[in-house]
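The values are calculated or read from the model by the stated rules, or taken from the named source; none is laboratory data. This is a predicted model, so every value here is computed, not measured. Cβ atoms come from the backbone with ideal geometry, glycine included; neighbour counts cover every protein chain shown.
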Amino acid sequence: MPSQSLRNGRPQTPKFFAFLSLLMVIASLLLALNGCSARNNDNASVVMAKQLPGTLAPLGTPNPSAQRVTVGLYVINVYDISLSSQTYYLTGYMWMRWQGENDPTGSLEFTNTVDEWGLLRKNLYEKPLVLGDGSYYQATRIQGRFFQPFDLTNYPLDKQKLILLIENSANADKVVFLPDTDASGYDQNLMAPGWNITSLQMEPLLHDYGTSFGNPADPGTYSALRFSLDLTRVQNLFVWKLMLPLVIVLFTNWLALTLSPTRIDVRTAMPATALLTTVFLQQASLDAIPQVASLVLMDKIYAVAYYYNEMCLNEVTRRSCAHRRGNQRSCGANQFVHIADPPFGAAAVGGSRRPMPPVVVGNPRKDGVQRARGYRQQDAEQHADLGQAQQGTFFFSPRCSRTRKKCAKMTRVR
């Protein structure tokens, strides 16, 4: 007698286990709600900080009472430009010229330096020099590592800026930085591997932090000066190291379309190999830059390459399938035409099409040979009276799915 727990041949879940599962679900929900309420109670004492609208805008008309300091820069060397860490090293000379007893060199700050302890600042003179017009002059040799976020949208045809941003710790009502456009520049032998240096730009700015830093007397505005060294990437990297291998792979991929459809394995392997090679080339081309969320120019180029690889593979597969379907039909006698029968397929005498001789369905190759021989015998009988019997004068029809060489070999009379 079957057990009562079986109904319609299937075991039924006991009520006890169903009730236990329901209790476990309810307990899990209660624990989750308790955890959420506990976290909410903890966050009740947290006060969100206000986001302050700090701006770095071009300097307008400076305060007439502010001390005006003319600042210049001469770049000697730029090296170790790292796109991954977004830093670079710079060596050069910076000088200041001002009026008055207040020395602004002591309140000079480099706002985008990475390692404050590694920044070298060495004054060339123990005391500021007094020039002929009564102004003071001091020059400083600087060397350090600076932070620069790079825009990689157009990589590897991108243009970058190496920015050196200085600022005075005294507010803009007291000290204002102005660029020395006549004497600033860079060395003619300055080279950055992989880059072309085009120009050095200077721009006076007003940095408004939007806060008083807890001091009501502090307006929160400071004078800043931005030096920008413009760089363009060398085109040889893009042409010879990135694009040339990709073009070769695509060209080799397209050669698969010129091969005979009978070489299915080779025609299919070439696009597949090209697709894998394209993936590896993309990974190698992007090793020089950090991972970014958006697509760069090189990603878009490889997206087009993937498209053409896929289209070539689809075309090869389509033609191979079409050839396979055509190859399943035998090269029978209906695919061969006798030359002596104008118009190609009709008998010369009587104008009726030759009847198909009976063959045994089996091997397509053997069937084709038997049908071809049968047609040859019929033609010989039809043209015996006219003396136009032809033997072995069959030619390849476009409908035949086999090659001319194979079909001719099949119909050869020995």
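Listed values, structure above:
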quantity	calculated
Options A256, A224, A217; residue that is in the same structural domain as I197 (by TED's automatic domain parsing) and over 29 Å from F146 (Cα atoms)	A217
Some residue of the range 279-302 being of a type in the set (S, T, N, Q) and touching a residue at least 60 places away in the same chain (Cβ under 8 Å)	yes
Residue among G106, G100 that is out of contact with any Leu (no Cβ under 8 Å at 6 or more places or on another chain), modelled with pLDDT under 95, part of a loop (DSSP other than H, G, I, E, B) and among the small types (G, A, S)	G100
Selection within the range 172-198 - more than 29 Å from Q67 (Cα to Cα) and in a strand (DSSP E or B)	A192, W195, N196, I197, T198
Residue within the range 229-245 that is surrounded by 12 or more Cβ atoms within 10 Å (Cβ to Cβ), out of contact with any helix residue (DSSP H, G or I) (no Cβ under 9 Å at 6 or more places or on another chain) and over 23 Å from F150 (Cα atoms) present	no
Some residue of the range 199-214 being among the acidic types (D, E) and assigned to a strand (DSSP E or B)	yes
Single residue of the range 164-198 satisfying the filter (in contact with an Asp or Glu (Cβ under 8 Å, 6 or more places away or on another chain) and closer than 17 Å to V75 by Cβ) that is surrounded by the most Cβ atoms within 10 Å (Cβ to Cβ)	I166
Pairs, first surrounded by 15 or more Cβ atoms within 10 Å (Cβ to Cβ) in the range 103-120, second not in a strand (DSSP E or B), C-beta under 6 Å, six or more apart	T113/L119
Residue, nearest to R226 (Cα to Cα), within the range 134-171, restricted to residues that are part of a strand (DSSP E or B) and of a type in the set (S, T, Y)	S169
Residue list for the range 200-243, restricted to those being of a type in the set (S, T, Y) and over 38 Å from the mean Cα position of the chain (by Cα)	T211, S212, T221, Y222, S223
G54 being touching a strand residue (DSSP E or B) at 6+ places or on another chain (Cβ under 7 Å), at pLDDT 75 or above and among the small types (G, A, S)	yes
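Each row is one residue, and each column tells you yes or no for (1) crowded, with 18+ Cβ neighbours inside 10 Å; (2) in the same structural domain as P149 (by TED's automatic domain parsing); (3) modelled with pLDDT under 85.
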site: Q282; (1), (2), (3): yes, no, no
site: S285; (1), (2), (3): yes, no, no
site: I289; (1), (2), (3): no, no, no
site: Y302; (1), (2), (3): yes, no, no
site: Y307; (1), (2), (3): no, no, no
site: L313; (1), (2), (3): yes, no, no
site: H323; (1), (2), (3): no, no, yes
